[in-house]
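The values are calculated or read from the model by the stated rules, or taken from the named source; none is laboratory data. Just so it is clear, the model here is predicted, and its values are computed rather than measured. Reconstructed Cβ throughout: ideal geometry from the backbone, glycine too, with neighbour counts over all protein chains shown. Calculation scope for accessible area: heavy atoms of the full protein, side chains included, ligands and nucleic acids excluded. Shrake-Rupley method; radii C 1.70, N 1.55, O 1.52, S 1.80 Å.
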Amino acid sequence: MITFSLEFLGSQYPGSIQHDFPFLLNESVPVMYLDDKTFDRISEMCTSLEREYNGESSFKKRIVANQLVTFLFLTKELLLSHKAIISVENRPAEIVKLFQTALNKNVLDIVKGNATHILNVQEYADELSMHPNYLSNVVKSETGKTVKDWIDERIISEAKSLLNNTDKSVAQIAYSLTFDDTSNFSRFFKKKTGLTPAKYRQS
């Protein structure tokens, strides 16, 4: 089993995790039965990942992240070639998946300049054709986090990615994420991470 945080991957990968690896955001993925050749290839990749993870290289994080990205692209290719369908077992899980998809689309649209504001609970509920209280209750029950928690975490994740992978100033990042001024963004970021954006970038 390979476990990693999206924060780690986002800090090392300059692309869009949500766009390139959407299967990471799903509640579950299907089991795939692999032929011997594909299995051996994956086994070799995992062995190499483990070796680099336990190694002493000063570039260990970057090496592991690059190998992990290769592994994820192979996984994406396999999901497509196997025509695997990610199924949901019940309506609440489906609602969570729909909300997460809508949330990721909204944030990506904001970063690309195709949206002007971050949607709130009411707007997500309207988009999913349900009462906001019902959406809030389902998301909280299924994930243990509120809709606002998910929105805040997604904004922080995108902010960290921009701080790590671009040369944009803190002010430019703040405005690109629809904050009306840099101080509001800095307060929000520090409240969620314990660091100012500038300090995070230096860490």
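Considering only residues that are in a loop (DSSP other than H, G, I, E, B) and of a type in the set (Asp, Glu), look in segment 2-51 and name the one that is farthest from Ser157 (Cα to Cα).
Let us first name the residues in segment 2-51 that are in a loop (DSSP other than H, G, I, E, B), namely 2-5, 13-16, 21, 26-35.
If we keep only those that are of a type in the set (Asp, Glu) as well, we get 27, 35.
Values: Glu27: 18, Asp35: 36 Å.
Top of the filtered list is Asp35.
Could you grab me the full set of residues in segment 158-187 that are crowded, with 16+ Cβ neighbours inside 10 Å and either among the basic types (Lys, Arg) or within 19 Å of Asn106 (Cα to Cα) (or both)?
Within segment 158-187, Glu158, Ala159, Lys160, Ser161, Leu162, Ile173, Ala174, Ser176, Leu177, Phe179, Phe185 meet the criteria.
Tell me whether segment 128-138 contains one or more residues that are buried (at least 18 other Cβ atoms within 10 Å of the Cβ), in contact (Cβ under 8 Å) with a residue 12 or more places away in the chain and in contact with an Asp or Glu (Cβ under 9 Å, 6 or more places away or on another chain).
no
Determine whether Ser57 is exposed (fewer than 14 other Cβ atoms within 10 Å of the Cβ), without any contact (Cβ under 8 Å) to a residue 24 or more places away in the chain and under 26 Å from Ala93 (Cα atoms).
Working: exposed (fewer than 14 other Cβ atoms within 10 Å of the Cβ): yes; without any contact (Cβ under 8 Å) to a residue 24 or more places away in the chain: yes; under 26 Å from Ala93 (Cα atoms): no.
No: the conditions fail for Ser57.
Considering segment 18-54 alone, what residues qualify as being in contact (Cβ under 8 Å) with a residue 12 or more places away in the chain and among the charged types (D, E, K, R)?
Scanning segment 18-54 gives Asp20, Glu27, Arg41, Glu52.
Condition (residue is surrounded by 13 or more Cβ atoms within 10 Å (Cβ to Cβ), in contact (Cβ under 8 Å) with a residue 24 or more places away in the chain and either touching a Phe, Trp or Tyr at 6+ places or on another chain (Cβ under 6 Å) or closer than 16 Å to Ile151 by Cβ (or both)) applied to segment 82-94: is it met by at least one residue?
The answer is no; no qualifying residue exists.
Every residue, every condition in (1) under 30 Å from Pro14 (Cβ atoms); (2) at pLDDT below 90, yes or no:
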{"position": "Ala115", "(1), (2)": "yes, yes"}
{"position": "His131", "(1), (2)": "no, no"}
{"position": "Glu142", "(1), (2)": "no, yes"}
{"position": "Asp149", "(1), (2)": "yes, no"}
{"position": "Arg154", "(1), (2)": "yes, no"}
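Quick one: how many residues across segment 96-127 are β-branched (Val, Ile, Thr), over 19 Å from Thr178 (Cβ atoms) and open to solvent by 40 Å² or more (accessible area, probe 1.4 Å)?
Of all residues in segment 96-127, those β-branched (Val, Ile, Thr) come to 96, 101, 107, 110-111, 116, 118, 121.
Narrowing further to those that are over 19 Å from Thr178 (Cβ atoms): 96, 101.
Next, from what is left, pick out any that are open to solvent by 40 Å² or more (accessible area, probe 1.4 Å): 101.
Final tally of qualifying residues: 1.
Which helices (runs of 4 or more DSSP H) does segment 77-194 wholly contain that include 3 or more residues that are of a type in the set (Phe, Trp, Tyr)? Even if it seems obvious, please write down each step before you answer.
On the way: elements: 91-112, 121-127, 132-143, 147-165, 170-176, 182-193.
Answer list for segment 77-194: 182-193.
From Asn106, Asn184, which residue is out of contact with any strand residue (DSSP E or B) (no Cβ under 8 Å at 6 or more places or on another chain) and within 25 Å of Ser5 (Cβ to Cβ)?
Values: Asn184 fails: within 25 Å of Ser5 (Cβ to Cβ).
Every option except Asn106 fails the conditions.
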